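Asker: Quick one: the structure is below, and I'll ask about it shortly.
The values are calculated or read from the model by the stated rules, or taken from the named source; none is laboratory data. Here the structure is a predicted model, which means the values were calculated and not measured. Cβ placement follows ideal geometry from the backbone for every residue including glycine, while neighbour counts extend to all protein chains displayed. In case anyone asks, the SASA skips ligands and DNA or RNA and just uses the protein heavy atoms, side chains included. Shrake-Rupley method; radii C 1.70, N 1.55, O 1.52, S 1.80 Å.
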Amino acid sequence: MTEWLPPPQYDRTPARAVVEHVLTSDAVNRICHEIGALDQEGNPAPQTYIFKGCTKIIASGWGCEIWRIEDGIVRRHEIGHCNGWPASHPR
Ligand SMILES: [Zn+2]
C-alpha cells in the first residue's frame, strides 16, 4: 500500500483548512463520481472505477474538502492532494 502514500513534500499537515467526510465506501464512491474526481492517472474516471477517496480544493484555495473511507493510508493520500499533490500522482 505504500504506493498510495504521497511523496514526503505532500505528506504533512496542510496550511489550508480541511473539511473531511468519512463515509461508507458506497457513499464515497458515489460522491467522488458526482463531483467528477479523476482516476489514478489523473484522467476522467469511467463509471466502473471505484473511489476510496477524493479531494476538492475549495474557496479559492482557502480550504480543501475530502470524502474518504475510514483508513489512515487513504487519509494521508487525500491530505497529500490538499497539499497540492497533482491528480496524476507524480512521485
Ligand atoms: Zn489521489
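Asker: Rg over Rh of region 17-58, using C-alpha atoms and the Kirkwood radius, what does it come to?
Answerer: My calculation of the ratio gives 0.95.
Asker: Sort 58-71, 77-90, 31-44 by the packing proxy (mean of other Cβ within 10 Å over each peptide's residues), most packed first.
Answerer: 77-90, 58-71, 31-44
Asker: Calculate, for the chain, the solvent-accessible area per residue in square angstrom, rolling a 1.4 angstrom probe over the heavy atoms of the protein chains.
Answerer: Each residue of the chain exposes 59 Å² on average to a 1.4 Å probe.
Asker: Something else now. What list of ³J(HN,Hα) couplings, whole Hz, do you get for region 53-61 from phi and the Karplus terms 6.51, -1.76, 1.60, once you set θ to phi - 60° and write x for glycine and proline?
Answerer: Working through the residues one at a time gives x, 7, 9, 10, 6, 10, 6, 6, x Hz.
Asker: In addition: If I take every Cα pair under 8 Å that is 6 or more residues apart in the chain, average their sequence separation and divide by the length, what percent do I get for the relative contact order?
Answerer: Normalised by residue count, the contact order of the chain is 43 percent.
Asker: Separate question: Tell me, in nm to one decimal, what length is gained between Glu20 and Ile57 on full extension, where the rule is 0.36 nm per residue of separation less the Cα-Cα distance?
Answerer: 12.1 nm
Asker: Looking at the chain, send over the antiparallel percent of its DSSP beta bridges, to the nearest 5.
Answerer: Restricted to the chain, the bridges split so that about 55 percent are antiparallel.
Asker: With a 1.4 Å probe and all protein chains left in place, how much of the accessible area of the chain comes from carbon and sulfur atoms, in whole percent?
Answerer: Summing carbon and sulfur atoms, their accessible area is 53 percent of the total for the chain.
Asker: Determine the distance separating the Cα centre of region 55-84 from the Cα centre of region 7-28; give it in Å without decimals.
Answerer: 3 Å
Asker: Near the amide H of Ile58, under 5 Å away, which other amide H atoms are found, from residues 5 or more places off or on another chain, if H is placed in the peptide plane?
Answerer: Amide H neighbours of Ile58: Gly63, Cys64, Glu65.
Asker: Now for a different question. Can you give the accessible area of Ile57 in Å² (nearest 10), computed on protein heavy atoms with a 1.4 Å probe?
Answerer: Solvent-accessible area, nearest 10 Å²: 80 Å².
Asker: So, one more: With the Cα gyration tensor of the chain giving a ≥ b ≥ c as the square roots of its eigenvalues, does the rule (a/c under 1.5 for rounded; else a/b larger than b/c for prolate; else oblate) give rounded, prolate or oblate?
Answerer: Judged from the Cα gyration tensor, the chain comes out rounded (a/c under 1.5).
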